[in-house]
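Colleague: The structure is given below, and queries will be raised subsequently.
The values are calculated or read from the model by the stated rules, or taken from the named source; none is laboratory data. Predicted model, so just to flag it, every value in this text is computed and none were measured. Every residue, glycine among them, receives a Cβ derived from its backbone with ideal geometry; neighbour counts consider all protein chains shown.
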Amino acid sequence: MNWEAIGAISEMIGALAVVISLVYLAFQIRQNTKQLEQSQRTSTAASVGASATSYRENRQYIYTSAEVADIQLRGLADPDSLNEVERYRFRLLMSNFADANYDMYAQTVITGFSPATWETQGRKVIRRVLGTPGGLWFWRNHCEEYPEEFRVEMDRILKSESI
């Protein structure tokens, strides 16, 4: 066997090694992509669960206490009918509501959380709750507690869509 034959065999072995490396790399990239997609789905599901939990906890405060339910109903209808302590409690209930919606909005904008969830659980509920006299009172007096981008979205929902 001469040196030219050995060189040719070495080149073939080298080329084969490159092909094998490329196939392995393609397999690793495909596997990594699948893991990233699964991680994204898991994260989105966790976000949906966290938002739903926030809503459930806020509603639980209301339906487990006739006193809190009364404050909520009177506050939504006419916040001026509440005394100072009741108005404070009403504001805290509304803050919990706004916080849950801000969380859902931020997840929608930042992480690609389901726009359909924001539409059904966010916008529609916001219109229903903050579109009341008490909801508008809360938002006018406490909207500065939230980032500007969220305030703009909330104002757009309250102003541009029928309540």
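Colleague: Looking for whichever is free of Cβ contacts under 8 Å to residues at least 12 places away in the same chain, more than 25 Å from Pro147 (Cβ to Cβ) and exposed (fewer than 12 other Cβ atoms within 10 Å of the Cβ) here; the options are Leu82, Leu36. Which one fits?
Modeller: Leu36
Colleague: Could you please let me know if Leu82 is touching a Ser or Thr at 6+ places or on another chain (Cβ under 7 Å) and modelled with pLDDT of 90 or more?
Modeller: no
Colleague: Exactly one of (1) of a type in the set (S, T, N, Q); (2) closer than 20 Å to Arg128 by Cα; (3) surrounded by 14 or more Cβ atoms within 10 Å (Cβ to Cβ) is unmet by Gln107. Its number?
Modeller: Unmet condition: (2).
Colleague: Now a separate question. Identify the single condition in (1) surrounded by 10 or more Cβ atoms within 10 Å (Cβ to Cβ); (2) closer than 30 Å to Pro133 by Cα; (3) at pLDDT 85 or above; (4) of a type in the set (S, T, N, Q) that Asn58 does not satisfy, given that it satisfies every other one.
Modeller: So Asn58 meets the others, but not (3).
Colleague: When you go through Glu67, Glu145, Glu149, Glu37 one by one, which is the residue that is charged (D, E, K, R), more than 28 Å from Lys159 (Cα to Cα) and modelled with pLDDT of 85 or more?
Modeller: The match here is Glu67.
Colleague: Could you check, for the range 33-47, whether at least one of its residues is in contact with a helix residue (DSSP H, G or I) (Cβ under 6 Å, 6 or more places away or on another chain) and under 29 Å from Gln121 (Cα atoms)?
Modeller: Within the range 33-47 (the criterion being in contact with a helix residue (DSSP H, G or I) (Cβ under 6 Å, 6 or more places away or on another chain) and under 29 Å from Gln121 (Cα atoms)), the answer is yes, since at least one residue qualifies.
Colleague: Residue check, Phe27 against (1) within 19 Å of Leu136 (Cα to Cα); (2) more than 27 Å from the chain's Cα centre (by Cα), all met but one. Which one?
Modeller: Of (1) within 19 Å of Leu136 (Cα to Cα); (2) more than 27 Å from the chain's Cα centre (by Cα), only one is false for Phe27: (1).
Colleague: Of everything in the range 114-131, what is out of contact with any Phe, Trp or Tyr (no Cβ under 9 Å at 6 or more places or on another chain) and touching a residue at least 40 places away in the same chain (Cβ under 8 Å)? Give them in sequence order.
Modeller: Of everything in the range 114-131, those that are out of contact with any Phe, Trp or Tyr (no Cβ under 9 Å at 6 or more places or on another chain) and touching a residue at least 40 places away in the same chain (Cβ under 8 Å) turn out to be Ser114, Thr117.
Colleague: Can you name the residue in the range 119-163 that is buried (at least 16 other Cβ atoms within 10 Å of the Cβ) and either among the charged types (D, E, K, R) or touching a strand residue (DSSP E or B) at 6+ places or on another chain (Cβ under 7 Å) (or both) and is also farthest from Ser81 (Cα to Cα) among such residues?
Modeller: Glu153
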